[in-house]
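Asks: Provided herewith is a single structure, encoded as structure tokens, for subsequent inquiry.
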Amino acid sequence: MINYRIIALVLSGCLSLTACGSGGGHQVDKAKLQDKQEDNKNQQEEITEFTPVTVTSLKEGVDFPIGVAVPAGNYGSSIMLSEDRQNLAIKHFSQLSAENIMKMDALHPAQDSFNFTDADNLVNFASNNGLSMHGHVLVWHSQTASWMRSFSGDKQAWIEMMENHVTTIATHFAGRLKSWDVVNEAFLDDGNYRSTGESGSIWYQNIGAEFIERAFIAARSADPDAELYYNDYNLSSSAAKLDAVVNMAADFKSRNIPIDGVGFQMHISDNYPSISTIKSQFQKVVDLGIKVKITELDIRMNSAETADELTPKIAEKQKKRYYDVVSAYLTTVPASQRGGITVWGISDIDSWIIGLYDSPDWPLLFNAQFEAKPALQGMADALAEFK
Ligand code: 9MR
């Protein structure tokens with residue numbers, strides 16, 4: 001069990017020229033100051049213990065959704081079977097996303113049969129505990145059902161098949177979900193539509209780009225009260241990709257195609273993208289007048305693959321990074337356009353990042369023992385300061 005105790009950062013000496021007074025000429029003072037700054041830097045690098053976490057509830061006092069993605073259904077790490085996960089979800093979060101069980105293959109395993117059991121259990125768990133639900137996801141190129149991939153028919157048949165999927169699912173959950181990711185990852189990083197190739201889209205290939213607006217129209221008519229999002233990764237870093245999404249949303253607005261916001265997944269790392277880029281990317285959607293939702297936040301801390309455990313120093317860096325990202329959101333997105341912030345998992349052991357690379361990582365707010373990490377404090381501090 002990690003013992004989170006205060007780091008004693010003994011910053012001795014003076015920090016400015018004026019405070020130091022003059023012990024000689026200007027050059028000497030300057031050199032002394034440089035030495036002092038170097039000393040302070042070295043002392044700060046000697047972080048040997050985890051800083052304390054005093055957060056009682058991350059969501060407390062926040063008037064937009066603070067969400068978390070959870071494994072559910074039959075997954076070994078299902079929240080339905082885990083008291084640790086349930087306790088943290090209820091205590092700190094106000095919204096849940098299903099990490100996998102509300103995807104196309106899970107809800108619609110055969111052409112003429114839908115399976116809502118696991119999702120209904122999760123939605124009931126959320127509402128019984130006062131949490132809202134964000135639906136993830138109606139149309140995506142990945143985790144499609146195998147019958148969809150082998151579906152044969154002309155464009156009209158494909159449209160009907162996709163619209164039936166969206167309509168049946170959105171109707172089933174109507175009134176019970178706060179919002180939906182209607183379409184996920186339809187663009188490539190260069191701003192072109194995802195089409196052919198290994199990670200191509202069967203929807204684009206068989207229907208063309210109009211599959212996107214058709215999905216939004218079907219979702220709105222099935223559940224008029226749910227907020228409808230277009231969701232994608234790298235939107236906080238790739239100008240070309242976000243510009244394509246913004247152009248699409250502007251076009252939708254001009255033609256009265258329903259869209260309420262853009263979901264920024266934000267699977268990011270400790271040093272990329274920069275906070276100024278993240279802010280200017282958020283700003284583009286703010287300027288359009290629709291909502292910005294961070295839908296899948298996690299922060300990789302070992303992209304250099306140099307660490308083999310979460311040290312107090314890495315944890316402190318992550319705390320600052322969570323603080324900076326959440327601050328960037330709150331200072332850029334006005335209250336009326338905040339769709340919320342969702343973290344993509346509770347415990348580091350559940351993160352999809354684990355196992356993706358050869359090196360270990362700790363991208364989330366709670367460690368493998370379900371203990372709060374300094375990152376939780378970083379996020380809470382930003383929420384308290386800028387909300
Ligand atoms: O976290 C999800 C992981 O458990 C699945 O194996 C993976 C399969 O594609 O999907 C992960 O979630 C993804 C989400 O649905 C869409 N954006 C990217 C997420 C991380 O890959």
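Values quoted throughout were computed directly from the atomic coordinates according to the rules given, and no laboratory measurement underlies them. Bear in mind that the values here come from a model prediction, so they are computed numbers and not experimental data. Note that each Cβ is placed from the backbone with ideal geometry, even for glycine, and that neighbours are counted across all protein chains shown.
Asks: Using the charge dipole of the chain (Lys, Arg: +1 at Cβ; Asp, Glu: -1 at Cβ; taken about the Cα centre), state which of Ser269, Ser351, Gly76 has its Cα farthest towards the positive end.
Replies: After comparing all options, I get Ser269.
Asks: Moving on to the next point. Post the alpha-carbon centroid distance, region 298-362 to region 195-265, in whole angstrom.
Replies: Spelled out, the Cα-based centre of one part sits 26 Å from the other.
Asks: Follow-up question, since we're still on this one. In Å, what Kirkwood hydrodynamic radius results for region 211-330 from the alpha-carbon pair distances?
Replies: This gives a value of 15.7 Å.
Asks: Further question on the same structure: In Å, what Rg and Dmax follow from the Cα atoms of region 291-357?
Replies: That works out to 13.9, 42 Å for Rg and Dmax.
Asks: Okay, next question. Check Trp362: other-chain or 5+ apart residues with amide H under 5 Å from its amide H, H built from backbone geometry?
Replies: Met301, Asn302
Asks: Could I ask something else about it? Lys/Arg Cβ at +1, Asp/Glu Cβ at -1, dipole of region 56-201 taken about the Cα centre: which of Ser199, Ala110, Leu58 is farthest positive-ward?
Replies: The Cα lying farthest towards the positive end belongs to Leu58.
Asks: Can you compute log10 of I(q)/I(0) for region 248-387 with the Debye formula, treating each Cα as one identical point scatterer, at q = 0.13, 0.22 Å⁻¹?
Replies: With one equal scatterer per Cα and no solvent, log10 I(q)/I(0) is -0.58, -1.32.
Asks: To continue, here is another question. Using the Cα atoms as the points, what is the convex hull volume per residue of the chain in Å³?
Replies: Measuring per residue, one finds 160 Å³ for the Cα hull of the chain.
Asks: Please report the antiparallel percentage of DSSP beta bridges with both residues in the chain, rounded to the nearest 5.
Replies: Working: 3 of 39 bridges.
Within the chain, antiparallel bridges account for around 10 percent of the total.
Asks: State, to one decimal in nm, how far the label point of Asp358 lies from the label point of Leu81, with both points 7 Å from Cα in the Cβ direction.
Replies: 3.3 nm
Asks: What is the magnitude of the charge dipole of the chain about its Cα centre, with +1 placed on the Cβ of each Lys and Arg, -1 on the Cβ of each Asp and Glu, and no other charges, expressed in debye to the nearest 20?
Replies: Dipole of the chain, to the nearest 20 debye: 920 debye.
Asks: Now for a separate question. If you average 1/r over all unlike Cα pairs in region 178-235 and invert the result, what Kirkwood radius do you get in angstrom?
Replies: By the Kirkwood definition, the hydrodynamic radius is 12.1 Å.
Asks: Further, regarding this structure: Out of His136, Tyr233, Val333, whose Cα points farthest toward the positive end of the dipole of the chain (charges: +1 Lys, Arg; -1 Asp, Glu; placed on Cβ)?
Replies: Checked the options; the winner is Val333.
Asks: How many percent of all Cα-Cα pairs in region 117-172 sit more than 15 Å apart?
Replies: Of all Cα-Cα distances in region 117-172, 61 percent exceed 15 Å.
Asks: Right, something else. Could you give the dipole magnitude of region 217-308 about its Cα centre, charging the beta-carbon of Lys and Arg +1 and that of Asp and Glu -1, in debye to the nearest 20?
Replies: 400 debye
Asks: Mind checking the dipole of region 239-282: about its Cα centre, +1 per Lys or Arg Cβ, -1 per Asp or Glu Cβ, Debye to the nearest 20?
Replies: It comes to approximately 100 debye.
Asks: Could you work out how far apart the two model spin labels at Thr168 and Ala384 are, taking each label as a point 7 Å from the Cα in the direction of the beta carbon, and quote it in nm?
Replies: Between Thr168 and Ala384, the label points sit 4.9 nm apart.
Asks: May I ask for the Kirkwood hydrodynamic radius of region 118-251, worked out over all distinct Cα pairs and given in angstroms to one decimal?
Replies: Averaging 1/r across every pair of different Cα atoms and inverting gives 15.6 Å.
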